[in-house]
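The values are calculated or read from the model by the stated rules, or taken from the named source; none is laboratory data. Predicted model, so just to flag it, every value in this text is computed and none were measured. Cβ coordinates were reconstructed from backbone atoms using ideal geometry, including for glycine residues, and neighbour counts include every protein chain displayed. Please note that ligands, DNA and RNA were not included when accessible areas were found on the heavy atoms of the full protein model with its side chains. Shrake-Rupley method; radii C 1.70, N 1.55, O 1.52, S 1.80 Å.
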Amino acid sequence: MKTDVVVDAKGLACPMPLVRAKKEMDRLNSGEVMKLISTDPGSVNDFASWAKRANHEILDQQEEDGVYTFYVKKG
Amino acid sequence: MAVQNLTVEALRDKLNRGESLFILDVRNESDYDDWKIEGPTVHSINIPYFEFLDDEDVADERLPDETDIVTVCAKGGSSQYVAEILDGKGYNVYSLEGGMKAWSQVYNDTLVFEDDNMKLFQVNRMAKGCLSYLIVTGDEAAVVDPGRHTAFYIRLAEREGARIRHVMDTHLHADHISGGPGLAEETGATYYIASEEVQGAGYTFAPLEKEEHIHFGQVDIKVLALPTPGHTPGSTSFVVNDRFLLSGDTLFVSGLGRPDLGGKAREWAELLYDTVFHKLSDLQDQTLVLPAHYADMEEMDENGIVGASLGEIRENNRAMQTKGKEVFTELIAGAASTDTPPNFEKITAINRGKQTPDEEEATELEIGPNRCAVHHHG
């Protein structure tokens with residue numbers, strides 16, 4: 001998938017994955033795609049809730065060996 | 001100014017003193033709805049931390065200016081983050097250190113009864129709604145349904161000048177990891193559980209079904225094993241000195257145990273019927289029922305004790321007034337199809353001694369609410 005920015009939040013605990021994601025998202029234009037990589041299971045639900053609230057669209061979401069990857073299109 | 005942390009023990013002590021607390025829980029909505037800090041003096045609101053990312057003023061209209069605010073999250077990181085934002089805006093704010101994860105491991109003891117011969121303590125693991133008991137007579141003690149933080153019970157017994165000699169589980173717990181086998185091993189006590197509960201157990205135990213009485217201490221304190229199937233097929237209750245019924249998950253202040261966790265709701269509901277109407281019917285109305293769980297703060301009395309007389313429970317419980325076995329089974333089995341406790345299959349395997357989790361895994365497995373009571377059928 002084409003991504004415009006990658007946020008690598010591996011090893012970071014709440015709230016840092018979302019703080020980083022939010023910061024990068026602010027720099028994107030509407031329609032651009034961010035890839036977020038996190039190893040914090042707690043932030044997975046939070047990320048989905050935040051994206052929904054902020055009108056971003058989660059295009060895809062994967063989990064492999066405790067590494068969560070999200071592709072999110074800025075709304 | 002740096003944000004101050006509040007430890008979970010300090011929070012417990014504040015609740016015990018009846019202090020008013022304003023809690024801002026910053027977890028997401030579904031986690032909050034599932035499981036939160038409650039108490040008669042707690043005022044709690046939920047605003048997820050990620051809402052503060054977009055708008056630092058998001059909580060302003062809902063926060064008190066003068067009162068202390070305690071921020072709470074899953075592990076203490078996000079509550080710290082929000083507390084710093086609020087501190088910057090001039091609020092009096094504390095962050096709960098370790099979050100709900102730490103809160104899930106806090107225990108509190110309350111004296112239920114004392115006479116010349118014995119003391120009976122109720123130990124409340126508030127975050128889980130789990131109750132266990134310590135009975136002291138002379139320099140000996142028995143523990144019923146201990147949680148896995150065994151040091152708490154050892155310290156409590158030491159404080160009372162007693163050694164733990166007997167450890168009992170009323171049943172195989174599905175919602176939390178039992179401290180029973182571990183506590184018995186650490187103290188040299190005997191561990192009792194019904195054989196039917198722990199088929200092929202990975203530890204040594206004394207089968208409860210072979211005991212009619214467990215005597216201990218200088219005085220004759222009778223602990224009578226009373227088979228009360230229903231919740232799980234080998235559930236056992238204990239009648240202490242003919243006055244107290246430690247009912248496990250069979251009978252709660254506001255309802256009956258849920259019989260569906262073994263996948264046989266209907267058959268077990270019928271067994272529960274026999275328990276309620278035959279085996280428990282000999283006990284007097286003034287017997288104080290002390291369960292292994294509670295589901296609601298309303299089940300706690302003004303002294304912080306979760307318990308009710310058997311008479312009150314009989315009077316207030318719809319299912320217990322139902323005389324027909326059919327209707328009873330329908331009421332109970334029908335109500336039982338709600339969510340299972342988180343991780344219950346893994347937890348029951350651990351409680352049979354089939355698996356041994358490390359501390360980190362044990363903590364993660366127990367995170368979340370208890371769901372062992374049948375709700376709304378009190």
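Annotation: the antiparallel percentage among DSSP beta bridges lying fully within the protein assembly as shown is about 60. Averaged over the residues of peptide A:43-53, the number of Cβ atoms from other protein chains lying within 10 Å of each residue's Cβ is 4. Net charge dipole, region B:4-103: roughly 540 debye, given to the nearest 20, about the Cα centre with Cβ charges of +1 for Lys and Arg and -1 for Asp and Glu. Peptide A:8-14 is shielded by partner chain Cβ atoms: per residue, an average of 3 of them sit within 10 Å of its Cβ. Under 5 Å from the amide H of A:GLU32 lie the amide H atoms of A:LYS74, each residue being 5 or more positions distant or on a separate chain, with H modelled from the backbone and absent for Pro and chain starts. In terms of its alpha-carbon gyration tensor, the protein assembly as shown comes out prolate; a/c meets the 1.5 threshold, and the first ratio a/b outweighs b/c. Against chain B, whose longest principal axis comes from its Cα atoms, helix B:265-274 is set at around 60 degrees. Only DSSP H runs of four or more residues enter the estimate; each adds -39500 (n - 2.57), and after division by the residues of chain B the mean residue ellipticity at 222 nm equals -7500 deg cm²/dmol.
Note on region B:108-366: antiparallel DSSP beta bridges, both residues inside, total approximately 70 percent of the bridges counted.
Look at the stretch B:73-80: the mean tally of other chain Cβ atoms within 10 Å of its residues' Cβ atoms is 5. Here the dipole of chain B is about 1220 debye; that uses its Cα centre as origin and unit charges on the Cβ of Lys and Arg (positive) and Asp and Glu (negative). At an R0 of 25 angstrom, the distance between the Cβ atoms of B:GLU160 and B:HIS215 translates into a FRET efficiency of 0.85. Going down the table (A:LYS10/B:LYS128; A:LYS52/B:LYS128; A:LYS2/A:LYS52; B:LYS128/B:LYS354; B:LYS75/B:LYS346), which pairs top 28 Å between alpha carbons? Among A:LYS10/B:LYS128; A:LYS52/B:LYS128; A:LYS2/A:LYS52; B:LYS128/B:LYS354; B:LYS75/B:LYS346, the Cα-Cα distance tops 28 Å for A:LYS10/B:LYS128; A:LYS52/B:LYS128.
Normalised by the number of residues in region A:5-73, the average gap of Cα pairs under 8 Å and 6 or more apart makes the relative contact order 36 percent. Computed packing ranks the peptides B:56-62, A:12-18 as A:12-18, B:56-62, most packed first, by mean other Cβ atoms within 10 Å. Distance between the modelled labels on B:ASP33 and A:ASN29, one decimal in nanometres: 3.9 nm (7 Å Cα→Cβ projection).
Excluding ligands, DNA and RNA and using a 1.4 Å probe, chains A and B jointly bury around 1100 Å² of accessible surface, summed across both partners. Using the 1.4 Å probe convention, the accessible area of the protein assembly as shown works out to 44 Å² per residue with neighbouring protein chains retained. If R₀ is 41 angstrom, what is the calculated FRET efficiency for the pair B:ASN92 and A:THR3, using the beta carbon separation as r and rounding to 0.05? About 0.40, to the nearest 0.05. Classified by the C-alpha gyration tensor, region A:5-73 has a prolate form. Its axis ratio a/c, with a ≥ b ≥ c, is 1.5 or above, and a/b is larger than b/c. Taking a ≥ b ≥ c as the square roots of the Cα gyration tensor eigenvalues, with a/c under 1.5 meaning rounded and otherwise prolate when a/b beats b/c, else oblate, which class fits region B:1-103? Rounded, because the longest to shortest axis ratio a/c is under 1.5. In chain A, excluding the sites themselves, the longest stretch lacking any of the trypsin sites (Lys or Arg not before Pro) that are in a DSSP loop with at most 13 other Cβ atoms within 10 Å is A:11-75. Legend: calculated FRET efficiency, A:LYS73 to B:ASP358, from the Cβ-Cβ distance at R0 = 41 Å, rounded to 0.05, equals 0.55.
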